[in-house]
Amino acid sequence: MNASDDESDRAREGSSDATPGGLPDLRRPGELAFTLFLVVASGILLWQAYDIAGFRRLSSPGAIPMAATGAMLLTALLVLWKTARKPLTTDESLRVAVFPGPVVLMALMLVGYGLLLKPLGFLPTSALFLFIAIKLLSGRSLLFSLGISLLALAVIWLVFRMVFTVLMPAGIFPEAEMVQFFRTLLAGAR
Amino acid sequence: MSALMDFLTVFTQPQLLLLVAIGTFAGIYVGAIPGLSVTMAVSILISFTFSWQVYPAISLMIGIYMGGVYGGSRTAILLNIPGAPSAIATALDGFPMAQRGEAGQAIGITTVMSFFGGLVGIVVLALAAPMLAGWAIRFQPRDYMLLALLGILLVGSLSSGSLLKGIFAGALGIAVGAVGMDPLTFTPRLTFDQPLLRSGINFVAVMIGLFGVSEVLLQLHHIKTPAVRQTISRIVPSWSTIRRHLPLSLQSSGIGVVIGALPGTGGDIAALMAYDHAKRVTKKPTRPFGKGAIEGLVAPEAANNAAVGGAFVPMMTLGIPGDAVTAIMIGALFIHGLNPGPMLMVDNPHMFWFIVGALFSANIFMLIFGLTGIRLFVKIVEIPRAVLIPMILLLSIVGAYAVNNSISDVYWMLGFGVFGYFMRLYGYPLGPVILGVILSRLLDDNWRRAIISVREDPVRFFNGVFSSPLSTVLLVSVILIFVSQTPLWRMAKARLFGARNA
């Protein structure tokens, strides 16, 4: 019973392009609002695309953007028309199907990550992010969460910083000094 | 005879062979990690290998390329996150198979079919390069444009959902790809007068957002359900399974080589096209497509690796890149004082045969590493979701940041992640968005070139289309795919065959 519930829930959520989710005959909670958003956004984009060069020439820089945004507006309107006529599902709520606790939590944490990345730097922000996320999602002990998050961070940092030499914002952590320290250590060993 | 010696260069020098092996191994993991793309790895390698000789540099890059195209399939199967764009189609049936606990079988068949496809690609590159190039040279701008449209529409028709939503997604992708300064006239497009938008929206950020973050957000719905334990019982597929799918893999490899040989279009489009082809020709799939059909793995995986060989055809014969990676390799050859183009084959045939040899050995290494290292790899999915989800999010952030070292790319990635989450909830396919973004530039350039060449006269444009068999075929295919998805087709079919079926 439980398994079949899970199965039907997954079918509604787009797991792949071949099975993009949604329901053919019913409207999911929030679907109408999302479709309305798409219509308005497409409209604004079409207006912006018209602004590029108007209807001057078929080869103008605005031709393809206008065709694309026009197709967006047209299809969004057709989808809106179809969606509005479908009855709402009765077995799910906006709170559970669209905005369950963990999703809202992680979305907020991602926003927080983006805000803190520049001032705090990559390592402290990521450590904080991993720790809080793992602690809240797993519900395991503080020590477990701390250990796992630091281990995960160490691996990610090693791969990106050392192998791919990706430079993340350093912030308050003396990252460059640390790398230099290890380099001198290794050079000294030779 | 001299060609054979050049072909064997890589096998006679252990150092080169080792570099190909390292490259292939690294490529598999680079391809598998979402956000780390082959394109990115190869471009970084150019700066690493700047001071190297040309053969070692090319050996390493070819290894990464071959391994990376294959590696993307692993995360596609195990996590439903294509590690590389060429694995988008692989996730469609690979992930459902993993959910059933058949991850080992899925990876095994993917590996063998990738090897097979790669082999076909290399053989075609070696045998038919001049012939194929002679055919591709006749492509007109309008043909490229039609091909791009065809590609986007194909993903729309791929979806089991509404075609309207598929077209919306494709059009959105084209619009996103058009954001920024127009490369021809330097007019700002869809920038809302924001300086930030002038350089455009990074497509890697869009891809990581749509396929990484949105998937993770959806996975949070099921945070309580235990991770699917992937039982990897048998990896090497049985001979009968391989033999059964051999005809399809041969056809798919053919599609892969042709798409790969077309300038600009690489393994990603080849894989999607082959998937669509498999969907249409397979009368009795092992399971319905999208629910774990083996055919849905065979086709894209044979095709995307066949496209690697294909992509070298225009690169070696015309100096036109077959895809993004070969574009970077043209840059690498340039740095090393070689000028890829029609004269390279004449002046420096060693280079061509060396590349064929390196590709061949990379293909063999891919098979070896693919069939042996899986148990270790699969451990990733046995990590509990509560740990895996924050890690994937962090990887996505680093990946999006790393492309341009820019925080705004991280915001784009997160924004598209949330948007993709809603798209998934309400039945919009995500593949067309990415395809639209990738092909936007190609579509735009070639539309304008085509329409300028007929002095902006639509009548002359269509006259031109119908005077060329190639353009006609392409246009008719676009229309057919479009019509076959509308009620019109069903009505026509019912009228034609209705009496017999009723």
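The values are calculated or read from the model by the stated rules, or taken from the named source; none is laboratory data. Every value quoted in this text rests on a predicted model; they were computed, and no experiment measured them. Virtual Cβ from ideal backbone geometry, glycine too; neighbours counted across all protein chains shown.
Given the conditions (1) charged (D, E, K, R); (2) surrounded by 19 or more Cβ atoms within 10 Å (Cβ to Cβ); (3) more than 10 Å from chain B (Cβ to nearest Cβ), which single one is not true for A:D91?
(2)
Just for helices (runs of 4 or more DSSP H) wholly inside the stretch B:441-502: which have at least 3 residues that are of a type in the set (S, T, Y) and either surrounded by 13 or more Cβ atoms within 10 Å (Cβ to Cβ) or modelled with pLDDT of 75 or more (or both)? Spell out how you get there, then give the answer.
Details: elements: B:458-467, B:469-484, B:487-501.
Filter on the stretch B:441-502 gives B:469-484.
Please work out which residue is nearest to the chain's Cα centre (by Cα), limiting yourself to the stretch A:129-155 and to residues that are surrounded by 19 or more Cβ atoms within 10 Å (Cβ to Cβ) and in contact (Cβ under 8 Å) with a residue 24 or more places away in the chain.
Residues of the stretch A:129-155 that are surrounded by 19 or more Cβ atoms within 10 Å (Cβ to Cβ), as a first pass: A:129-131, A:133-135, A:137, A:145, A:148-149, A:152-153.
Add one more test, that the residue is in contact (Cβ under 8 Å) with a residue 24 or more places away in the chain, and what stays is A:133, A:137, A:153.
On the way: A:A133: 15, A:L137: 17, A:L153: 20 Å.
Ranking the candidates gives A:A133 first.
Taking the condition of being facing chain B (nearest Cβ under 8 Å) and of a type outside the set (S, T, Y), how many residues in the stretch A:123-139 meet it? Quick ask: steps written out before the conclusion?
Within the stretch A:123-139, the first condition is being facing chain B (nearest Cβ under 8 Å), and the residues that meet it are A:126, A:129-130, A:133-134, A:137-139.
Cutting the leftovers down to of a type outside the set (S, T, Y) gives us A:129-130, A:133-134, A:137, A:139.
Going through the stretch A:123-139 one residue at a time, the tally reaches 6.
Consider A:L151 carefully, then state whether it is in a helix (DSSP H, G or I), out of contact with any helix residue (DSSP H, G or I) (no Cβ under 8 Å at 6 or more places or on another chain) and more than 10 Å from every other protein chain (Cβ to nearest Cβ). Spell out how you get there, then give the answer.
Details: in a helix (DSSP H, G or I): yes; out of contact with any helix residue (DSSP H, G or I) (no Cβ under 8 Å at 6 or more places or on another chain): yes; more than 10 Å from every other protein chain (Cβ to nearest Cβ): no.
So A:L151 fails the test.
Between a residue in the stretch A:52-73 that is of a type in the set (D, E, K, R) and any residue that is modelled with pLDDT under 85, which pairs come within a Cβ distance under 7 Å, given they are 6 or more apart or on different chains?
From the stretch A:52-73, the pairs are A:R57/B:E456.
Output the qualifying pairs, or none if there are none: Cβ atoms under 9 angstrom, residues six or more apart or on different chains, first residue in the stretch A:89-105 and touching a residue at least 12 places away in the same chain (Cβ under 8 Å) and more than 24 Å from A:S138 (Cβ to Cβ), second residue part of a helix (DSSP H, G or I) and basic (K, R).
A:T89/A:R12; A:E92/A:R12
Of everything in the stretch B:1-37, what is modelled with pLDDT under 70 and within 23 Å of the chain's Cα centre (by Cα)? Give them in sequence order.
Kept after step one, since they are modelled with pLDDT under 70, are these residues of the stretch B:1-37: B:1, B:33-37.
Matches in the stretch B:1-37: B:I33, B:P34, B:G35, B:L36, B:S37.
Kindly provide the set of residues from the stretch B:82-102 that are in a loop (DSSP other than H, G, I, E, B) and either surrounded by fewer than 24 Cβ atoms within 10 Å (Cβ to Cβ) or without any contact (Cβ under 8 Å) to a residue 12 or more places away in the chain (or both), ordered by number.
Taking the stretch B:82-102 as the starting set, the residues that turn out to be in a loop (DSSP other than H, G, I, E, B) are B:82-84, B:100-102.
Result: B:R100, B:G101, B:E102.
Modelled with pLDDT of 75 or more and of a type outside the set (D, E, K, R), is that true of B:M40? Give the steps one after another, and end with the answer.
Details: modelled with pLDDT of 75 or more: no; of a type outside the set (D, E, K, R): yes.
So B:M40 does not fit the description; no.
Condition check: modelled with pLDDT under 90 and part of a helix (DSSP H, G or I). Does A:V79 satisfy that?
Values: modelled with pLDDT under 90: no; part of a helix (DSSP H, G or I): yes.
Criteria not met by A:V79.
Is there a residue in the stretch B:399-407 that is crowded, with 24+ Cβ neighbours inside 10 Å, at the interface with chain A (Cβ under 9 Å from one of its Cβ atoms) and in contact with a Ser or Thr (Cβ under 9 Å, 6 or more places away or on another chain)?
Of all residues in the stretch B:399-407, those crowded, with 24+ Cβ neighbours inside 10 Å come to B:399-401.
Subset that is at the interface with chain A (Cβ under 9 Å from one of its Cβ atoms): B:399, B:401.
Next, only the ones that are in contact with a Ser or Thr (Cβ under 9 Å, 6 or more places away or on another chain) stay: B:399.
So far as the stretch B:399-407 goes, yes, one or more of its residues are crowded, with 24+ Cβ neighbours inside 10 Å, at the interface with chain A (Cβ under 9 Å from one of its Cβ atoms) and in contact with a Ser or Thr (Cβ under 9 Å, 6 or more places away or on another chain).
Would you say B:K283 is more than 14 Å from the chain's Cα centre (by Cα) and assigned to a loop (DSSP other than H, G, I, E, B)?
Working: more than 14 Å from the chain's Cα centre (by Cα): yes; assigned to a loop (DSSP other than H, G, I, E, B): yes.
For B:K283, the condition - more than 14 Å from the chain's Cα centre (by Cα) and assigned to a loop (DSSP other than H, G, I, E, B) - is met.
Within the stretch A:38-49, identify whether any single residue is in contact (Cβ under 8 Å) with a residue 60 or more places away in the chain, surrounded by fewer than 21 Cβ atoms within 10 Å (Cβ to Cβ) and of a type outside the set (K, R), and answer yes or no. Talk me through it step by step, then tell me what you get.
Taking the stretch A:38-49 first, the residues in contact (Cβ under 8 Å) with a residue 60 or more places away in the chain are none.
The answer is no; no qualifying residue exists.
Output the number of residues of the stretch B:254-276 satisfying the condition of being surrounded by fewer than 24 Cβ atoms within 10 Å (Cβ to Cβ) and within 14 Å of chain A (Cβ to nearest Cβ).
Counting residues in the stretch B:254-276 that are surrounded by fewer than 24 Cβ atoms within 10 Å (Cβ to Cβ) and within 14 Å of chain A (Cβ to nearest Cβ) gives 1.
Can you confirm whether A:A107 is small (G, A, S), under 22 Å from the mean Cα position of the chain (by Cα) and buried (at least 16 other Cβ atoms within 10 Å of the Cβ)?
On the way: small (G, A, S): yes; under 22 Å from the mean Cα position of the chain (by Cα): yes; buried (at least 16 other Cβ atoms within 10 Å of the Cβ): yes.
When the stated conditions are applied, A:A107 passes them.
Do we have any residue at all in the stretch B:406-413 that's assigned to a loop (DSSP other than H, G, I, E, B), out of contact with any Lys or Arg (no Cβ under 6 Å at 6 or more places or on another chain) and at positive phi? Reasoning before the result, please.
Within the stretch B:406-413, the subset assigned to a loop (DSSP other than H, G, I, E, B) is B:406.
Those left that are additionally out of contact with any Lys or Arg (no Cβ under 6 Å at 6 or more places or on another chain): B:406.
The next check asks that each one be at positive phi; those that pass are none.
No: the stretch B:406-413 contains no residue that is assigned to a loop (DSSP other than H, G, I, E, B), out of contact with any Lys or Arg (no Cβ under 6 Å at 6 or more places or on another chain) and at positive phi.
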